[in-house]
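The values are calculated or read from the model by the stated rules, or taken from the named source; none is laboratory data. None of these values were measured; they are calculated from a predicted model. Here Cβ is always computed from backbone atoms with ideal geometry, including for glycine, and neighbour counts include all displayed protein chains.
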């Protein structure tokens, strides 16, 4: 009993626990608990229960609820207990309410008052108990009720109370940042608290604040560094030690904060180098907590402006982690490797065998982490091996959540790095076959699009080969039972579009298969719809080719069945099929041209063909069109009506409620409207007015052209193949270019340094041949890497393809202001059409831009293409130096870029300022992918690179 | 931030469950079952970390440690460090061990509210506030000391002069420690 102190429980409770423990089945346990609930219900409502007894009942209630039973009948008693004078009873009450109630519960209102009182108590233990409840039970509405008391407690003489008051304030901030936004400066103040525990507690809210807004806390870098230094040098009392580490949680938080503050900021980072280096040296690597701090150091080093010495120490620690026998440390090592690999890619080389060991480890957690690492280091050279492994693993697991994730990763990698179309189709088939229902439908759409558009190769021959191989593989796969719906949709579409295109299969082959599909998956209406439309296409092509069409009997019956379908969609498709079959060749060719799925259907949104008519009308005295933005509220709907009139194709029914008519601004209302409002006092938008309808189709408004631009981007933004990206420079969005900007240099270094180390790695420890092979395929840049010129060419070709594409909508936009058009279509872009010219231009021009930013010495070394990687951090630093100045510089740069059209088009020129933004965020796995994609597209050949340059620049 | 602390035995019975964001009882049970089904399928000698995103949603990690018949489980987000949390579990168990001399599963069940008190001293509002087991012990003892204080106070008030009564009071205090 002595050891149990005030937490004594009665024999009854012990018996209950015992009998539950001995219960043989869930049913028996439930019976015991229900019994107990009955007993408690009876007893708890008896009058005059001694406090001690009551306390025990409440504990029993908590216990019951933990076992998953409803104890809500006792909540009110728990609330009552919080009013008690005795500390222990009160504490039990608070414990129970924090476990029972949520912040929106009705009973909270009864507790707030007690909490307010207790926060003012003389007994600090009561205050602590109340603060504990504050954290859990106070919501946005009740924050103001307790906020003044909590603020007072920030200056409480007891450090335990100050600490908890800070946490409570932090919690308020998490729940409703706006309600305490004026108080966040208190966290800064408390950072200087005499008590290290309180200071440590402030780091939690500060970490969150800094993560949201780095720049306003840059001034604290020096303080954080000096605190970390003192902690690491064991200046704190032994009471803060945890397993012989001085205040490890404080160190970890500080390192996390420094990582945020130093990200992309050379000046701030330089302040941190010494202390992080010291921790690397001194930290005890034999304990868990020591390794935790070391791991945090690596995270910090990989986030701040790189320092070669620290990177070296980080690499040492990583190799120690990976060599360790502990799975925990291996896990941390793999994670750390994934972070560091972005800065020094060559580090992966040393650990390739360790990584492969982890990949084959029975531990699932470790395996997944390793796949994450592989995902981050995927390049065009190793994509086949990695995606293959990923799919194998995906097939082997049953966890749907992770399956989805890994499937989408496979798709992403395949889209970005596919070495050949054949491989891409096969990979997608495997993904769809095994995780078809889990992948996003968009993936299916983009696969169809890929097959339709091809890879942008020179000759159509390759595209048609791709299509026939797809058709062939799909016909084979159709034999397998139970295919996912999404996959079937793709199959049906492709068969319909290209099934008979190459003449290998006859129409009856394909239509037979399609009917089989519709029959076998008769519950799936979407698949049926796809199959019907595919049938229609096949027959249409047959008719257009002036071949005799014999409808298979099963098709006939399918069509008849669908004609009477309950689904209107299916019915319509069936009727369309019926109608198409009855048409002659010429008509069919018009409505269903062969292989025209990628042709844009032109919708002239500006209605430019009406221009003459409008001109005429205006000359005759009609009112000109008033842009939507200049009209007052009610016009919202009349606008809708007008659209109804002229653009029947572009809208559906509106289901949302009509907007309330806003008070009309008289001065702005055109004459016609004023006239009509005189007649109808309350503006009634429901009545169509002639005056509006005539004014509507006028010269395209600004809004209209903006819309067009948007659509343009939609067309340009080809999924998948990153080779398309240069074309995005047609639009004014810089975000796309940013990516190119970052990757432009780094990507080059990735590849080149990989090669460098690949050679030096040759004298290898003897390992099993298979592993070595795997390692080589994962890490080594084997000779097949050198497809580069080809890919560069491809890229250029692709972009020329893009340019053509972007022309299409232009025609419909001619009326739009010339200015917009010229901005979108700088003359240079057309040059992209000539592959050879482009690749050289792409190589050189970014550096022209660099010259303006860099010292001449650095530029001299930069001319060579690849070494730009090592400088790119410098460029970043240039921008970050004055955090506030970023925007101005950004603007200036954009302007200068625009004034020189030859530069504007180059990805990565105007985009530099945003480099800092992206790097200040958490490491983004996409970056590394895009880097490599860019290298390919730029056609930068790594062999031209001089390794010594790196040393000079980094050293 | 720490999202949840759970203690369960190797049969999947929950021994302690504390969620730092409110969850309904049903949801809590579902999570506990989810965690247990993952835990019991883990082999020996593997890492103590589990990818918990499929159970707890995005940005959640899980660290567990197996002692005798109990699993100690902490769930948290990316603002904490896995190894450090593993160490925190160690501190928690060490503290329990100091409190109960050779802690076992039954101690945890029978001293339900005390376990909560210990945990509250370590983790407050989802943040780690104390990592030294002796400091935690001190704080917990301070709270238990108050157990009899109202009673003692009334004794002292009534019989200020009665020496015997104050000796009795002192005796009570001593046995309660």
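Applying a threshold of 7 Å to beta carbon distances and a minimum spacing of six or more residues, or different chains, the list of pairs starting in region A:234-250 at a residue that is facing chain B (nearest Cβ under 8 Å) and ending at one that is assigned to a strand (DSSP E or B) reads A:240/A:246; A:248/A:242; A:249/B:128.
Scanning region B:127-141 for residues that are more than 8 Å from chain A (Cβ to nearest Cβ) and either surrounded by 24 or more Cβ atoms within 10 Å (Cβ to Cβ) or in contact with a strand residue (DSSP E or B) (Cβ under 9 Å, 6 or more places away or on another chain) (or both) yields B:133, B:136.
Taken over region A:91-110, residues that are assigned to a helix (DSSP H, G or I) and either more than 45 Å from the chain's Cα centre (by Cα) or more than 10 Å from every other protein chain (Cβ to nearest Cβ) (or both) amount to 5.
Counting only helices (runs of 4 or more DSSP H) that fall entirely inside region A:283-343 and contain at least 3 residues that are under 18 Å from residue A:360 (Cα atoms) and within 9 Å of chain B (Cβ to nearest Cβ), the qualifying elements are A:327-340.
Do we have residue A:254 as under 13 Å from residue A:207 (Cβ atoms), more than 14 Å from every other protein chain (Cβ to nearest Cβ) and assigned to a helix (DSSP H, G or I) here? In short, no.
Looking at region A:56-64, can you tell me whether even one residue there is more than 12 Å from chain B (Cβ to nearest Cβ), in a helix (DSSP H, G or I), free of Cβ contacts under 8 Å to residues at least 24 places away in the same chain and under 28 Å from residue A:119 (Cα atoms)? Yes; the residues of region A:56-64 include at least one that is more than 12 Å from chain B (Cβ to nearest Cβ), in a helix (DSSP H, G or I), free of Cβ contacts under 8 Å to residues at least 24 places away in the same chain and under 28 Å from residue A:119 (Cα atoms). How many residues does region A:65-83 contain that are more than 10 Å from chain B (Cβ to nearest Cβ) and either at pLDDT below 90 or in a helix (DSSP H, G or I) (or both)? So the count comes out to 10. Looking at this structure, is residue A:128 in contact with a strand residue (DSSP E or B) (Cβ under 8 Å, 6 or more places away or on another chain), in a helix (DSSP H, G or I) and touching a residue at least 24 places away in the same chain (Cβ under 8 Å)? Criteria not met by residue A:128.
Of everything listed in (1) more than 9 Å from chain B (Cβ to nearest Cβ); (2) within 15 Å of residue B:80 (Cβ to Cβ), the single unmet condition for residue A:206 is (2).
Scan A:132, A:113, A:215 and give me the residue that is more than 10 Å from chain B (Cβ to nearest Cβ) and either under 29 Å from residue A:275 (Cα atoms) or under 38 Å from the mean Cα position of the chain (by Cα) (or both).
Numbers: A:132 fails: more than 10 Å from chain B (Cβ to nearest Cβ); A:113 fails: either under 29 Å from residue A:275 (Cα atoms) or under 38 Å from the mean Cα position of the chain (by Cα) (or both).
Criteria check complete, one pass: A:215.
Evaluate the following for residue A:88: is it modelled with pLDDT of 90 or more, in contact with a helix residue (DSSP H, G or I) (Cβ under 8 Å, 6 or more places away or on another chain) and assigned to a helix (DSSP H, G or I)? No: the conditions fail for residue A:88.
Does residue B:72 meet the test of being touching a helix residue (DSSP H, G or I) at 6+ places or on another chain (Cβ under 9 Å) and touching a residue at least 24 places away in the same chain (Cβ under 8 Å)? Quick ask: steps written out before the conclusion?
Numbers: touching a helix residue (DSSP H, G or I) at 6+ places or on another chain (Cβ under 9 Å): yes; touching a residue at least 24 places away in the same chain (Cβ under 8 Å): yes.
Criteria met by residue B:72.
Considering B:119, B:148, B:62, B:152, the condition of being at pLDDT below 85, more than 8 Å from chain A (Cβ to nearest Cβ) and touching a helix residue (DSSP H, G or I) at 6+ places or on another chain (Cβ under 9 Å) is satisfied by B:152 alone. In region A:590-605, the qualifying residues are those that are modelled with pLDDT of 75 or more and within 18 Å of residue A:547 (Cβ to Cβ), and the one that is surrounded by the fewest Cβ atoms within 10 Å (Cβ to Cβ) is A:590.
Looking at region A:368-407, which of its residues are at the interface with chain B (Cβ under 10 Å from one of its Cβ atoms) and in a helix (DSSP H, G or I)? It would help to see each step written out before you state the result.
From region A:368-407, those at the interface with chain B (Cβ under 10 Å from one of its Cβ atoms) are A:368-369, A:372, A:399-405; that's our starting set.
Result: A:368, A:369, A:372, A:400, A:401, A:402, A:403, A:404, A:405.
Scan region A:232-251 residue by residue and report those that are in a helix (DSSP H, G or I) and over 37 Å from the mean Cα position of the chain (by Cα). Break it down stepwise before answering.
Start the filter on region A:232-251 by keeping residues that are in a helix (DSSP H, G or I), which leaves A:232, A:238-240, A:248-251.
Selection gives A:238, A:239, A:240.
Note on region B:92-116: among residues that are within 29 Å of residue A:366 (Cβ to Cβ) and surrounded by fewer than 20 Cβ atoms within 10 Å (Cβ to Cβ), the one that is farthest from the other protein chains (Cβ to nearest Cβ) is B:93. Residue A:156 fulfils the conditions (1) over 26 Å from residue A:65 (Cβ atoms); (2) assigned to a helix (DSSP H, G or I); (3) more than 14 Å from chain B (Cβ to nearest Cβ); (4) under 45 Å from the mean Cα position of the chain (by Cα) except for a single criterion, (2). For the condition at the interface with chain A (Cβ under 7 Å from one of its Cβ atoms), under 20 Å from residue A:330 (Cα atoms) and in contact (Cβ under 8 Å) with a residue 24 or more places away in the chain, residue B:86 qualifies.
Condition test on residue B:13, is it within 29 Å of residue A:59 (Cβ to Cβ) and crowded, with 17+ Cβ neighbours inside 10 Å? Considered against the rule, which asks whether it is within 29 Å of residue A:59 (Cβ to Cβ) and crowded, with 17+ Cβ neighbours inside 10 Å, residue B:13 comes out as yes.
Within region A:215-225, the residues that satisfy the criterion of being without any contact (Cβ under 8 Å) to a residue 60 or more places away in the chain, farther than 21 Å from residue A:163 by Cβ and out of contact with any helix residue (DSSP H, G or I) (no Cβ under 8 Å at 6 or more places or on another chain) are A:216, A:219.
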